[in-house]
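**Q** Submitted below is the structure of interest, expressed as structure tokens.
The values are calculated or read from the model by the stated rules, or taken from the named source; none is laboratory data. Since the model is a prediction, treat every value here as computed from it, not as a measurement. Backbone-built Cβ (ideal geometry, glycine too); neighbour counts: all protein chains shown. Protein only, heavy atoms only, side chains kept; ligands, DNA and RNA dropped before computing areas. Shrake-Rupley method; radii C 1.70, N 1.55, O 1.52, S 1.80 Å.
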Amino acid sequence: MNIETWTYSETICDSRKVVIENPPSFEEIVNSIVEEAIILCGHEQICCVRDGFSRFAYCIKVSRSLFDLFFNSKNGLRGQYFLSADTGIKKNGLFIHSLTPALLSSNTVTAVPNQRIVRSLSAGSAKAWLAEYEKHQRGCDKCTGEWGSPQDKVAEILNGRWENYRPHPYYGRKAPYLTKIRIFGAFLNERGEEFDPKPNRAQEIHDSGWT
């Protein structure tokens, strides 16, 4: 499957297609996000399945058109995973690394040494994704989710792989038109050991467009 065949169904309006069918490079998309992003909040999150581990999570807001490029275009984040799991991991790391200075300077996480935050954000299982319902920081309305389960199975992204994936073809084939991006650092303990609750995440996105 050639990424150059990546296209969209008629359910995506023409004004959106004008933007996402001719995307800039991934690096240019990242630079635009770094320049435009409004950092809404940041939190330390305690791991609920492994004692002694925590991570740092942030939520940022961008325009819908920029979110579209980042999440739904062939040169966006999911497009990098479409190429290969390894490429997705590499570009995901580039995105978080590029945004880290702005996240730190926002001072939304207080009373925590920057070194701890950087270690979490730079570890291998750190990730960026859209803001899903019920997965925000409890008590914070700034990172409230925008995405829930799709209401139908209509394909919006057509790339020859994700629209045919089973058993959940209607997740990865969708092209959410939203504004919030969440950045999750890796879960680390005091010794710097890492716990990854989704070790197969990159391959899942490569295969299905979702995780």
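**Q** Quick one: dipole size for the range 86-166, taken about the Cα centre, charges +1 on Lys/Arg Cβ and -1 on Asp/Glu Cβ, in debye to the nearest 20.
**A** 400 debye
**Q** Can you give me the long-range amide H partners of E146? Hydrogens built in the peptide plane at 1.01 Å from N, cutoff under 5 Å, separation of 5 or more residues or another chain.
**A** When sequence neighbours closer than 5 places are left aside, the close amide H contacts are A131, E132, Y133.
**Q** Build a GNM of the chain with springs between Cα atoms under 10 Å: which of S63, S15, S54 gets the top mean-square fluctuation?
**A** Most flexible of the set in this elastic network: S15.
**Q** Continuing with the same structure: With the dipole of the chain worked out from charges on the C-beta (+1 for Lys and Arg, -1 for Asp and Glu) around the Cα centre, which of G160, G145, W6 lies farthest toward the positive end?
**A** Farthest towards the positive end: G145.
**Q** To the nearest 20 debye, what charge dipole does the chain have about its Cα centre, counting +1 at the Cβ of each Lys and Arg and -1 at the Cβ of each Asp and Glu?
**A** So the dipole magnitude of the chain works out to roughly 320 debye.
**Q** Taking the structure as given and computing Cα Rg over 2.2 N^0.38 Å, which label from (i) 1.00; (ii) 1.35; (iii) 0.94 fits?
**A** Correct label, based on the coordinates given: (i).
**Q** As a test of the formula, what do you get for the chain when each DSSP H run with n ≥ 4 contributes -39,500 (n - 2.57) and the sum is divided by the residue count, at 222 nm and rounded to the nearest 500 deg cm²/dmol?
**A** -10500 deg cm²/dmol
**Q** For the chain, modelled as a Gaussian network with Cα springs under 10 Å, which listed residue fluctuates most, F70, F195, F82?
**A** Among F70, F195, F82, the largest GNM mean-square fluctuation belongs to F195.
**Q** Put +1 on the Cβ of every Lys and Arg and -1 on every Asp and Glu Cβ in the chain; which of Q115, L40, Y177 then has its Cα farthest towards the positive end of the dipole?
**A** Q115
**Q** Skip the ligands, DNA and RNA, and give the accessible area per residue of the range 57-211 with a 1.4 Å probe, whole Å².
**A** On a per-residue basis, 46 Å².
**Q** Moving on. Measure off, as a whole percent, the carbon and sulfur share of the 1.4 Å-probe accessible area of the chain, all protein chains present.
**A** Answer for the chain: carbon and sulfur cover 49 percent of the accessible area.
**Q** Across the chain, how many lysine pairs separated by 8 or more positions, or lying on different chains, have Cα atoms within less than 15 Å?
**A** For the chain, qualifying lysine pairs total 14.
**Q** Which residue, D141, D86, D68, has the most motion in a Gaussian network model of the chain that connects Cα atoms within less than 10 Å?
**A** In the Gaussian network model the winner is D141.
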